[in-house]
Ligand SMILES: Cc1cc2nc3c(=O)[nH]c(=O)nc-3n(C[C@H](O)[C@H](O)[C@H](O)COP(=O)(O)OP(=O)(O)OC[C@H]3O[C@@H](n4cnc5c(N)ncnc54)[C@H](O)[C@@H]3O)c2cc1C
């Protein structure tokens, strides 16, 4: 028996193509012309056949790799051929690798080299196919998908409530409160239309109770669904003891106080979904009047003067809430604009409408010191928009979130963690340890619940596929083209895919279709026609005037609900005709997407004729 390299043959006009599917695994016997991998260019996908018959000894590519003619796909053991020189291995190993298994080098350069994993030989309390660490949208989605695929699952959570940041102190409570704020704002405009509801009377206890009830309902739902799926939930603080064991220190109460009780879970595979936490700036004193988003959502009281540190989405959502409830708001932001990442034209519309909320909008400015005084928190600023020191009743730090990678003793499992606490993964959500996966905030930006959920499904499917020998599931990969972003402010700002600013910076030629909501019947009827819908299409010479949609942005009420259609169009490779010819119901705000496509196409009749 001898070894031979199977290479990518001539693939025509394509220089580099991405590996999107592995059709064989180590140990498989393959015939001549049997397909080995599927590759995809931006125009087509194709299967790469084997030039020899034999047994697969080593796979040289992994999902997401770029290959070209001559790249070695795998090493085959064939009868009678001369031995080919062996290249360094990049094996996609079976997921149930033993603790001592070699580490597959998928980690990017920022990650610290992993130390050799420890080896645990003590007693085991629970065993499972998949251990999921964390019960946020990433964790519970992974646990439920794995259970639905027939695996024995244990999910570990340190807090009493399941659901993680999103359900308890993030997406859901913020939206419960923002909904109330949006209704209050809407109602306040009604007097101009002849219906006056008077000045709102605020009962903060009831408002808080409403938010808590919403959270409780959804958290309870996650618990019930875990039971229905027979997912074992262990309450406690999880940390690795080696690559196949996790210690769970039992926690109690409303926080994470340890009881001293310990359990050890033995797992075949693991999905790390331990999330992130708010960044706290050391310059601020430890004082109840200095909060992060979790503290702000507790809504202890409505401050007279509030400083929001950080002009990102979370900061602006909280600014919206508190200003509607009656606070005067200052915002300090280090960069030159709010909601970085969104195109400036979208933000401009939001900013114009929201100007009355802010006393001071300090851009290119930072906080340099702060001290707790009886009358409030005195903050000193530095930079272009810096005023004299100011005193606030509440300071919200909304300057980002940091991943929890350094808090789970990942090194004992051999899992590499970057200096900033992220865990790098490949396109299948696999860490450098082949049977340990990671998902959600802990693997990187964007830190969004919908990203975590999709990554969760991929990890669970790959694990189930590999444990059960199901090739289709084992080939699952996170290959979403785009992930939408939404600021649930008033108006909402939503964007997905390529932005105009990115297109400019990257020299990508685009055709823009912009439909102003001033021309939308529904937006006008709603009295909210300040927004617009913008779609960006590929206008490179290769697109020959029929370029696919590359991105889009919407500003206006419910923009967050509308942007999903743009994401779908991008995923499906739609062009302006596809979108424009899709019949949208009238009169709706969603119509603006079809009309923006018509604008790009030159066939919109809801706007004045284009100037020739
Ligand atoms: C105010 C706010 C508003 C937001 N709004 C939105 C929004 O509108 N839309 C959106 O998509 N995203 C939003 N996000 C972001 C979203 O909440 C996160 O992206 C999402 O929760 C990440 O999910 P995850 O599963 O990765 O981690 P998390 O939700 O952080 O869950 C991780 C879980 O792991 C547990 N855990 C960590 N370490 C351990 C350990 N050692 N042992 C046991 N348990 C452990 C934690 O207690 C936590 O429950 C918001 C975030 C905030 C703060």
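The values are calculated or read from the model by the stated rules, or taken from the named source; none is laboratory data. Computed from a predicted structure; not experimentally measured. Positions of Cβ are generated from backbone atoms using ideal geometry, with glycine treated the same way; all protein chains shown enter the neighbour counts.
Name the single residue that is surrounded by the fewest Cβ atoms within 10 Å (Cβ to Cβ) among those in the range 394-405 being part of a loop (DSSP other than H, G, I, E, B) and within 11 Å of the ligand (Cβ to nearest atom).
Selected residue: 400.
Can you tell me which residues in the range 427-453 are crowded, with 20+ Cβ neighbours inside 10 Å and either more than 10 Å from the ligand (Cβ to nearest atom) or modelled with pLDDT under 95 (or both)?
428, 429, 430, 431, 432, 433, 434, 435, 436, 437
With respect to the numbered conditions (1) part of a strand (DSSP E or B); (2) without any contact (Cβ under 8 Å) to a residue 40 or more places away in the chain, which one is the sole condition not fulfilled by residue 388?
Evaluating residue 388 over (1) part of a strand (DSSP E or B); (2) without any contact (Cβ under 8 Å) to a residue 40 or more places away in the chain leaves (1) as the failure.
Looking at the range 406-426, which of its residues are on the phi > 0 side of the Ramachandran plot and away from the ligand (no atom under 12 Å from the Cβ)?
Across the range 406-426, the qualifying residue is only 414.
Considering every residue within the range 227-235, establish whether at least one is in a strand (DSSP E or B) and either more than 13 Å from the ligand (Cβ to nearest atom) or within 23 Å of residue 298 (Cβ to Cβ) (or both).
Yes: the range 227-235 contains one or more residues that are in a strand (DSSP E or B) and either more than 13 Å from the ligand (Cβ to nearest atom) or within 23 Å of residue 298 (Cβ to Cβ) (or both).
So, in the range 245-271, exactly how many residues are at positive phi and either in contact with a strand residue (DSSP E or B) (Cβ under 8 Å, 6 or more places away or on another chain) or surrounded by 16 or more Cβ atoms within 10 Å (Cβ to Cβ) (or both)?
Going through the range 245-271 one residue at a time, the tally reaches 1.
Scan the range 220-227 and tell me whether some residue there is in contact (Cβ under 8 Å) with a residue 24 or more places away in the chain and either within 25 Å of residue 317 (Cα to Cα) or over 29 Å from the mean Cα position of the chain (by Cα) (or both).
no
Does residue 310 satisfy the condition of being touching a strand residue (DSSP E or B) at 6+ places or on another chain (Cβ under 9 Å), touching a residue at least 60 places away in the same chain (Cβ under 8 Å), crowded, with 17+ Cβ neighbours inside 10 Å and on the phi > 0 side of the Ramachandran plot?
It is true that residue 310 is touching a strand residue (DSSP E or B) at 6+ places or on another chain (Cβ under 9 Å), touching a residue at least 60 places away in the same chain (Cβ under 8 Å), crowded, with 17+ Cβ neighbours inside 10 Å and on the phi > 0 side of the Ramachandran plot.
State all residues of the range 137-174 that are near the ligand (Cβ under 6 Å from one of its atoms), surrounded by 24 or more Cβ atoms within 10 Å (Cβ to Cβ) and assigned to a helix (DSSP H, G or I); if no residue qualifies, say none.
137, 138, 139, 164, 165, 166
Quick one: is residue 130 in contact (Cβ under 8 Å) with a residue 60 or more places away in the chain, surrounded by 19 or more Cβ atoms within 10 Å (Cβ to Cβ), at negative phi and within 10 Å of the ligand (Cβ to nearest atom)?
no
Which one is nearest to the ligand (Cβ to nearest atom), of the residues in the range 175-211 that are over 22 Å from residue 319 (Cβ atoms) and assigned to a helix (DSSP H, G or I)?
Once the filter is applied, the top-ranked residue is 209.
Can you find a residue that is outside any loop (DSSP other than H, G, I, E, B) and under 26 Å from residue 479 (Cα atoms) anywhere in the range 595-609?
Among the residues of the range 595-609, at least one is outside any loop (DSSP other than H, G, I, E, B) and under 26 Å from residue 479 (Cα atoms), which makes the answer yes.
Collect the residues in the range 45-62 that are farther than 24 Å from residue 15 by Cα and not in a loop (DSSP other than H, G, I, E, B), keeping them in residue-number order.
Selection gives 54, 55, 56, 57, 58.
Is it fair to say residue 421 is farther than 20 Å from residue 62 by Cβ and under 24 Å from the mean Cα position of the chain (by Cα)?
Yes.
For residues in the range 557-589 being within 18 Å of residue 525 (Cβ to Cβ) and in contact with a strand residue (DSSP E or B) (Cβ under 9 Å, 6 or more places away or on another chain), which is surrounded by the most Cβ atoms within 10 Å (Cβ to Cβ)?
559
I'd like to verify a number: residues in the range 465-497 that are more than 16 Å from the ligand (Cβ to nearest atom) and touching a helix residue (DSSP H, G or I) at 6+ places or on another chain (Cβ under 8 Å), how many?
Matching residues across the range 465-497 total 12.
Does residue 380 satisfy the condition of being away from the ligand (no atom under 16 Å from the Cβ) and either farther than 19 Å from residue 281 by Cβ or surrounded by fewer than 22 Cβ atoms within 10 Å (Cβ to Cβ) (or both)?
Criteria met by residue 380.
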